[in-house]
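The values are calculated or read from the model by the stated rules, or taken from the named source; none is laboratory data. As the structure is a computational prediction, the values presented were derived from the model and not from experiment. Don't worry about glycine lacking a Cβ; one is built from the backbone with ideal geometry, like all the others, and counts go over all protein chains shown.
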Amino acid sequence: MDPSQFSVEVRPEFLPEQSDAEQGVWAYSYTVNIRNRGTVAAQLIARHWVIMDDNGRVEEVRGLGVVGHQPLLQPGETFEYTSWTRLHTPSGSMRGSYLCVTEDGERFDAPIPEFALLPPGATLH
């Protein structure tokens, strides 16, 4: 399966109530929409996130599924979930990939395009 057939869109949001600038913590939620644009069913098995803050500090997160699920997406189906992360600078970015397997056992990585984590009023450097 062509990995581009599994499209991923992310909507990040700053969480002021979970952030504390004095403590050096800025929190963000992100809502991910995954759509199977292909012609065969595929299951999301694992995730790999690369989270970078403005100081260039990188944290990698790997694990099975997303928010406790390993969704099987039929052609045309979508799966949406919301999660969150914390940074040690006011802004940063995230990118990654999902390991997926088609019904016939073919493995592929669906890319998660890089997106910015910015507090309100901030701009990219």
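Residues of segment 1-20 being surrounded by 16 or more Cβ atoms within 10 Å (Cβ to Cβ) and assigned to a loop (DSSP other than H, G, I, E, B), which ones? Within segment 1-20, Met1, Ser19 qualify. Please determine whether any residue of segment 47-63 is more than 18 Å from Phe115 (Cα to Cα) and surrounded by 13 or more Cβ atoms within 10 Å (Cβ to Cβ). No - not one qualifying residue is present in segment 47-63.
The listed residues are Pro12, Pro16, and the only one of them that is under 17 Å from Thr89 (Cβ atoms) and in contact with a strand residue (DSSP E or B) (Cβ under 6 Å, 6 or more places away or on another chain) turns out to be Pro12. One residue stands out among those in segment 30-44 that are surrounded by 15 or more Cβ atoms within 10 Å (Cβ to Cβ) and within 14 Å of the chain's Cα centre (by Cα): the one that is nearest to Ala116 (Cα to Cα), which is Tyr30. Residues that are over 12 Å from the mean Cα position of the chain (by Cα) and either closer than 12 Å to Glu103 by Cα or modelled with pLDDT of 95 or more (or both) within segment 45-54 comprise Ile45, Met52, Asp53, listed in sequence order. Could you check, for segment 76-88, whether at least one of its residues is surrounded by 12 or more Cβ atoms within 10 Å (Cβ to Cβ), of a type in the set (D, E, K, R) and closer than 18 Å to Ala27 by Cβ? Checked against the condition, which is being surrounded by 12 or more Cβ atoms within 10 Å (Cβ to Cβ), of a type in the set (D, E, K, R) and closer than 18 Å to Ala27 by Cβ, segment 76-88 yields at least one hit. Among residues of segment 102-125 that are under 19 Å from Ser7 (Cα atoms), those with a Cβ under 7 angstrom from a residue that is outside any strand (DSSP E or B) and modelled with pLDDT under 90, sequence gap 6+ or separate chain, pair up as Thr102/Met1; Glu106/Met1; Phe108/Met1; Phe108/Pro3; Asp109/Pro3; Ala110/Pro3; Pro111/Pro3; Ala116/Leu124.
Residues in segment 72-90 that are within 15 Å of the chain's Cα centre (by Cα) and under 22 Å from Arg107 (Cβ atoms): Thr78, Phe79, Tyr81. Looking only at residues in segment 103-113 that are in a strand (DSSP E or B) and surrounded by fewer than 18 Cβ atoms within 10 Å (Cβ to Cβ), the one that is farthest from the chain's Cα centre (by Cα) is Arg107.
For segment 96-110, what are the residues that are farther than 20 Å from Glu59 by Cα and aliphatic (A, V, I, L, M)? Matches in segment 96-110: Val101 only.
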